[in-house]
Amino acid sequence: MTYLLAGAAVMLGAAVILTLWRLVAGPSPLDRIIASDVIVAIAIAAVALYSVIAGNSTGLPILLGLSLVGFTGAVGVARLISSSEGVRKLFDRRQAMKDDDER
């Protein structure tokens with residue numbers, strides 16, 4: 001069992017290193033955003049692994065908070081990417097309203 005937990009820790013460490021490389025060297029901002037979301041997922045796995053090793057459930061609130069942050073970030077990025085034209089229309093409409101108020 002100890003070898004299995006050590007192997008999981010090593011794999012999580014390798015995943016963090018590779019994801020940090022993608023975060024730094026990502027060719028596009030979307031790659032960097034996805035890498036940050038993957039880092040949150042790796043942090044969730046690391047807290048879960050710690051809870052298993054320690055044999056207690058003190059990491060459960062942390063897991064819930066991290067999963068909420070990860071989900072909210074992923075949904076926000078998906079909305080931003082899918083509605084770039086909608087964001088532009090909203091910006092143009094607000095700009096037009098601002099110009100009308102100034103007149």
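The values are calculated or read from the model by the stated rules, or taken from the named source; none is laboratory data. Predicted model, so just to flag it, every value in this text is computed and none were measured. With ideal geometry, Cβ positions are generated from the backbone for all residues, glycine too; neighbour counts draw on all protein chains shown.
With assigned to a helix (DSSP H, G or I) and under 15 Å from the mean Cα position of the chain (by Cα) as the only criterion, which of I53, I17, I44 stands out?
Numbers: I53 fails: under 15 Å from the mean Cα position of the chain (by Cα); I17 fails: under 15 Å from the mean Cα position of the chain (by Cα).
So the residue among I53, I17, I44 that is assigned to a helix (DSSP H, G or I) and under 15 Å from the mean Cα position of the chain (by Cα) is I44.
Residue-by-condition table, conditions (1) surrounded by 13 or more Cβ atoms within 10 Å (Cβ to Cβ); (2) at pLDDT below 85; (3) under 22 Å from A8 (Cα atoms):
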position: A54; (1), (2), (3): no, no, yes
position: G59; (1), (2), (3): yes, no, yes
position: L66; (1), (2), (3): yes, no, yes
position: T72; (1), (2), (3): no, no, no
position: R79; (1), (2), (3): no, yes, no
position: K89; (1), (2), (3): no, yes, no
position: D99; (1), (2), (3): no, yes, no
Those residues of the stretch 1-35 which are touching a residue at least 24 places away in the same chain (Cβ under 8 Å) and farther than 30 Å from I81 by Cα, in sequence order = L5, A8, A9
